[in-house]
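The values are calculated or read from the model by the stated rules, or taken from the named source; none is laboratory data. The structure presented is a predicted model; accordingly, all values stated were derived computationally and were not measured. Neighbour counts are summed over all protein chains in view; Cβ atoms, including those assigned to glycine, are modelled from backbone coordinates with ideal geometry.
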Amino acid sequence: MAHLTDQEIAAKADIQPIEDIAAKANIPNEALELHGKHKAKVDIHQLEGDENKSKVVLVSAMNPTPAGEGKSTVTVGLSDAFNKLEKNVMVALREPSLGPVMGVKGGATGGGQAQVLPMEEINLHFNGDLHAITTANNALSAFIDNHIHHGNKLNLDPRRVSWKRVLDMNDRALRQVVVGLGGPSRGVPREDGFNITVASEIMAVLCLATDIMDLKAKLGEMVIGYTYDRKPVTAKELEVEGALALLLKEAIKPNLVQTMEGTPALIHGGPFANIAHGCNSLIATNTARKLADIVVTESGFGSDLGGEKFMNIKARKGDFKPDVIVLVATIRALKMNGGVAKDDLGEANVDALKEGIVNLGKHIENARKFGVEPVVALNDFVTDTDEERDFVLDWCKEQNVRVSLTQVWEKGGEGGVDLANQVLEVLDQPQEFKHLYDLETPIDQKIDKIVKEVYGGEGVVLTAKAQKQLAEIEANGFGNLPVCMAKSQYSLSDDPKKLGRPEGFTVTVRELDVKAGAGFVVALTGDIMTMPGLPKQPSAVNMDVAADGTSKGLF
Ligand code: ADP
């Protein structure tokens, strides 16, 4: 039988009314704002519960292949496994961006028998959150250009406006643009550019705010550019933080949906982990912590990216800790890290596994550096061979790390019960969670520490431009913020071609950008772009909609 696509599997699933899922999650009716039959927003002010009673399971991973290694799939499947074990569990995930949906990677709703529903609606325009963030971001751009046009009282240097426009799409042609052309009635010409919405500071602010008032305060702190004498100018000085918060007043509410096995799921906020901080909103995580005994959540890409930022940015701002880290590994990613070309990953190759497994070794080490014990989830593909599986399982045992052959893609929650039981063992043990650096450590030393400890490199090199920016950041009083590394997801280094466990490398920071509202400094390394491009053959060419409104080609 031909193998069904994720979308075909999701279309056959039984989906329950969202009121039933809310009841299961102990969300009272007053807190539920329905968006159709299967989605709702949650008014967090109507909820009761003690966040500190709950355990947090963070799902992270080794360095991935371009197809993704199944983190969302394992996150969903593991929560369904806890559900099967009759635990009070909720899953918290990021919402998809249309860039990867139309591009190469696909949606972010899991796969096979471990998906969240309704997958199509979550993947396309989900409750309008990304639209609201895009609009708020671009409203601020409009306010900035309008301010300059009407006399520029704040003395903003049009050449130093750092706030960019955004679009929720991969659109390389918009990376650098000139706005304001056409004479005095069309504004003041200046260079501008577009980022993808998930890299907008407003996305990060929404994901790190604790409520609407905190959101408003953070929006006001955002630096939009610099004056002619190089002083930072904030959104508050334009007096628009109230309007921006107003545009986001619905988007800030977390979205309730369900897994294919009826586990309550909150999906909210979706910064990428290579160009932003890579975690779903703090509000969604805290809401799940209030409601459930176990919260399963993920951070994007490997433990070097989303994992590190979950610990050093999100957990620090949210003042909570992960109690266990599940590290997703696949035989195909291990082989790729062992030097096998993308097109040959389907062939059995234990020698390449032996070469590539050092990559997983580094991610295990990283989890332990944060004082949190990992459990490896070997995400099983039907094409993997027994010899390959045994090699990985035996290697983990030799390394003294828990490992589970995880079959949630094929079997749903049932295929993750062993993983869930191993996670429960770790949850019973005390963990000594620690951040990797203190906030008082200077910015360049924070980066140096991340490079040495998490990436396994020799240290950081700042370009002349980055050094100048560092001096300005410190002079402006932002030196105590944590760092949000923007780096390739494919390698532990800043060079996507250095696979496995590279050594002896340095990481070059080419630009530092302060996000004072979100509360971090972004360090851009390598060729990483905050507006991605589409591949030659985008996923979009396989998509279609029929006369009755049914869709196809969403994976
Ligand atoms: P990540 O969260 O790591 O990016 P996803 O969970 O989104 O990865 O999965 C990426 C893709 O891989 C999805 O299309 C999913 O259906 C597929 N996939 C995940 N696990 C498996 C598996 N065990 N077998 C086959 N396909 C899988």
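Kindly provide the set of residues from the stretch 216-259 that are polar (S, T, N, Q) and in contact with a Ser or Thr (Cβ under 8 Å, 6 or more places away or on another chain), ordered by number.
Matches in the stretch 216-259: Thr259 only.
Report the residue count in the stretch 429-457 for those that are free of Cβ contacts under 8 Å to residues at least 24 places away in the same chain and surrounded by 17 or more Cβ atoms within 10 Å (Cβ to Cβ).
Of the residues in that region, 3 qualify.
Kindly list the number of the only condition in (1) over 18 Å from the mean Cα position of the chain (by Cα); (2) within 16 Å of the ligand (Cβ to nearest atom); (3) under 19 Å from Asn123 (Cα atoms); (4) not β-branched (Val, Ile, Thr) that fails for Asp80.
The one condition Asp80 does not meet is (3).
Here are Leu424, Leu405, Leu378: which of them is assigned by the TED database to the domain that holds Val350 and in a helix (DSSP H, G or I)?
Leu424
Could you grab me the full set of residues in the stretch 24-67 that are more than 19 Å from Thr287 (Cβ to Cβ) and crowded, with 23+ Cβ neighbours inside 10 Å?
Result: Ser60, Ala61, Met62, Asn63, Pro64.
Out of Thr263, Thr259, which single residue is hydroxyl-bearing (Ser, Thr, Tyr) and either within 14 Å of the ligand (Cβ to nearest atom) or surrounded by fewer than 24 Cβ atoms within 10 Å (Cβ to Cβ) (or both)?
Thr259
Would you say Ile283 is in the same structural domain as Lys411 (by the TED database), of a type in the set (A, V, I, L, M) and not in a helix (DSSP H, G or I)?
The answer is no for Ile283.
Would you check which residues across the stretch 516-549 are part of a loop (DSSP other than H, G, I, E, B), out of contact with any helix residue (DSSP H, G or I) (no Cβ under 9 Å at 6 or more places or on another chain) and of a type in the set (Val, Ile, Thr) and list them?
Listed by number, the list holds a single entry, Ile528.
In the stretch 321-361, what residues are within 16 Å of the ligand (Cβ to nearest atom), free of Cβ contacts under 8 Å to residues at least 40 places away in the same chain and crowded, with 22+ Cβ neighbours inside 10 Å?
If the condition is that a residue be within 16 Å of the ligand (Cβ to nearest atom), free of Cβ contacts under 8 Å to residues at least 40 places away in the same chain and crowded, with 22+ Cβ neighbours inside 10 Å, then Lys335 is the only one that fits.
Any residue at all in the stretch 402-423 that is away from the ligand (no atom under 16 Å from the Cβ) and more than 30 Å from Ile9 (Cα to Cα)?
Checked the stretch 402-423: at least one residue is away from the ligand (no atom under 16 Å from the Cβ) and more than 30 Å from Ile9 (Cα to Cα).
If I filter the stretch 53-63 down to residues being touching a strand residue (DSSP E or B) at 6+ places or on another chain (Cβ under 9 Å) and in a loop (DSSP other than H, G, I, E, B), which single residue comes out as nearest to the ligand (Cβ to nearest atom)?
Met62
If you check Met90 against the conditions, is it under 23 Å from Ala108 (Cβ atoms), surrounded by 23 or more Cβ atoms within 10 Å (Cβ to Cβ) and either more than 16 Å from the ligand (Cβ to nearest atom) or not assigned by the TED database to the domain that holds Val340 (or both)?
Spelling it out, Met90 is indeed under 23 Å from Ala108 (Cβ atoms), surrounded by 23 or more Cβ atoms within 10 Å (Cβ to Cβ) and either more than 16 Å from the ligand (Cβ to nearest atom) or not assigned by the TED database to the domain that holds Val340 (or both).
Within the stretch 163-200, how many residues turn out to be β-branched (Val, Ile, Thr), crowded, with 17+ Cβ neighbours inside 10 Å and without any contact (Cβ under 8 Å) to a residue 40 or more places away in the chain?
Number of matching residues: 2.
Looking at this structure, is Lys71 charged (D, E, K, R), surrounded by fewer than 22 Cβ atoms within 10 Å (Cβ to Cβ) and either over 27 Å from Tyr490 (Cβ atoms) or within 13 Å of the ligand (Cβ to nearest atom) (or both)?
So Lys71 fails the test.
Among the residues of the stretch 390-411 satisfying the criterion of being touching a residue at least 40 places away in the same chain (Cβ under 8 Å), touching a Gly at 6+ places or on another chain (Cβ under 9 Å) and surrounded by fewer than 23 Cβ atoms within 10 Å (Cβ to Cβ), which is farthest from Thr263 (Cα to Cα)?
Glu410
Yes/no per residue for (1) away from the ligand (no atom under 16 Å from the Cβ); (2) in a loop (DSSP other than H, G, I, E, B):
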{"site": "Ile9", "(1), (2)": "no, no"}
{"site": "Gln16", "(1), (2)": "yes, yes"}
{"site": "Asn26", "(1), (2)": "yes, yes"}
{"site": "Glu30", "(1), (2)": "yes, no"}
{"site": "Val76", "(1), (2)": "no, no"}
